[in-house]
Every structure is written in structure tokens, then in C-alpha cells.
Amino acid sequence: MVTLTKEKGAADLDGVTKMGIGASWDTTTGSNGGVLGALRKARGTDLDAFAILMSGNDPVRFAGLDVTDPLQNGAVTSTGDNQTGRGDGDDELIEVTFDKIPAHVTSIVFVCAAYKKGSDFKKAANVSFKVYDSTGGATQQVADIWPSLLGHGNAIAVAKAYRAGAGWKLEVINERGTIKQGDQDSLLRFAVNK
């Protein structure tokens, strides 16, 4: 298994027609122990995975939360909103079918955020992102992206898929930042210039 990093540069997606990025995390008590910590862990932690479709520097659509098929053609899909982080495997998954992406979409920025009010990265442990190749119908994990534990903010720009001639490349961004919780404009602005 390959771990993708910023330092390795962009990965060529030649031959990949369908790719997925899955976000997974475990709940934790954060800095609270005792009864309050146990209640927080039982309630779970709500992180949200987004794919923000860009035309140049303009965000034009996004997938995530209850927007599961923003182009209404299956080009970019989201499994929807997991509000607890419980269970094995991916908690949320974004899939992209490259040949269905309209020509004016030049890149897709993948973001994970503690988007809803009260959610917090500090209440999540083992946050990771898995990259899948689903070309030909069989899904196979091909890489991991591990976000840095350093930095501040409630959002991580994980990676960006962008057009390179007739194909696509995937570049790790791994950049933390702050968005205003519950504010869609703030989320979309976070993806600009990534």
C-alpha cells in the first residue's frame, strides 16, 4: 500500500476511470474523561467529506452531506452524512467517474471538515483517507493519505484531482484551515486556490 504525500508530487491517474476517496475516523473522548467523556464517545464525532468541483478558481458544485449527486449524472457521488464515525471501514465516501465530468470542471478539491456546529477534529482519532481505483467495476484500495496532526482549524484540504491534458492527476494538499461552521460559502472559499 502506498501512502501519498505532498512531497511525492502529483500521482498520474492514466487508466483510472473511476476513483474514490473514503474518509474514516474513530470517536474519542477528547480531553474529557469520566462520565462526560463517555457520553461524548457514545454520541460519536461528526466529520464531513466534500468534493468541491472547480471551474478555474470558481467553485461550481459540491458533493457531501445531503448532496449526493450534484451533477445528476453519477459523475461525482457521495455516500451521504455519517454523523458518528462508528463502524469499520469508510465513514463517508466520494466517488468520481472522470469521463462523466463536464469539460468546464478543471479540478475537484476533496475536503474533510468538522462542518456542523459543535463538531470538532479534537473529538476524532485515527482520521485517514483511502484512495480507491474502481476502474472496470472492481474496487481496490491503492493508497492512503494521512493528514498531519499538527496545525489548527476545523477543515483539511485533503487532495485535488485536476485535468492534465486528456487525463487527470491527483495531488495531495494536506492543508489545515478554519471555516465558519455551517457556512457553505466559507466551505467553498476554503477550496479556492488549492
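The values are calculated or read from the model by the stated rules, or taken from the named source; none is laboratory data. The shown structure was predicted, so the numbers you read here are calculated from the model rather than taken from an experiment. Neighbour counts run over all protein chains shown; Cβ positions are idealised from the backbone, glycine included. Protein only, heavy atoms only, side chains kept; ligands, DNA and RNA dropped before computing areas. Shrake-Rupley method; radii C 1.70, N 1.55, O 1.52, S 1.80 Å.
Values as computed for the structure displayed
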| item | result |
| --- | --- |
| Residue satisfying all of: in the stretch 64-76; at positive phi and of a type outside the set (A, V, I, L, M); most open to solvent (accessible area, probe 1.4 Å) among these | GLN72 |
| Residues within the stretch 1-22 that are basic (Lys, Arg) and not in a helix (DSSP H, G or I), tallied | 1 |
| Options ASP91, ASP66, ASP12: the member that is at pLDDT 85 or above and more than 21 Å from LYS169 (Cβ to Cβ) | ASP66 |
| Residue match in the stretch 77-94 (condition: surrounded by fewer than 20 Cβ atoms within 10 Å (Cβ to Cβ) and either in contact with a Phe, Trp or Tyr (Cβ under 9 Å, 6 or more places away or on another chain) or among the aliphatic types (A, V, I, L, M) (or both)) | no |
| Scan of the stretch 46-62 for residues that are within 12 Å of TYR115 (Cβ to Cβ) and either small (Gly, Ala, Ser) or free of Cβ contacts under 8 Å to residues at least 12 places away in the same chain (or both), ordered by number | ALA49 |
| Considering residues of the stretch 28-63 that are of a type in the set (Val, Ile, Thr) and modelled with pLDDT of 90 or more only, the residue least open to solvent (accessible area, probe 1.4 Å) | ILE52 |
| Selection from the stretch 117-126 of residues that are open to solvent by 30 Å² or more (accessible area, probe 1.4 Å) and under 15 Å from the mean Cα position of the chain (by Cα) | ASN126 |
| Subset of the stretch 100-113 [under 17 Å from ALA51 (Cβ atoms) and among the small types (Gly, Ala, Ser)] | SER107, ALA113 |
| Residue list for the stretch 96-132, filter: of a type in the set (Gly, Ala, Ser) and either in contact (Cβ under 8 Å) with a residue 12 or more places away in the chain or farther than 15 Å from ALA75 by Cα (or both) | SER107, ALA113, ALA114, GLY118, SER119, ALA124, ALA125, SER128 |
| Contacts under 7 angstrom Cβ, first residue in the stretch 7-20 being on the phi > 0 side of the Ramachandran plot, partner of a type in the set (Ser, Thr, Tyr) and surrounded by fewer than 17 Cβ atoms within 10 Å (Cβ to Cβ), 6 or more apart | GLY15/THR135 |
| Members of the stretch 114-137 found to be among the aliphatic types (A, V, I, L, M) and either modelled with pLDDT of 85 or more or within 20 Å of ILE52 (Cβ to Cβ) (or both), listed by number | ALA114, VAL127, VAL131 |
| Boolean, ILE108 is over 19 Å from ASP14 (Cβ atoms), among the β-branched types (Val, Ile, Thr) and buried (at least 18 other Cβ atoms within 10 Å of the Cβ) | no |
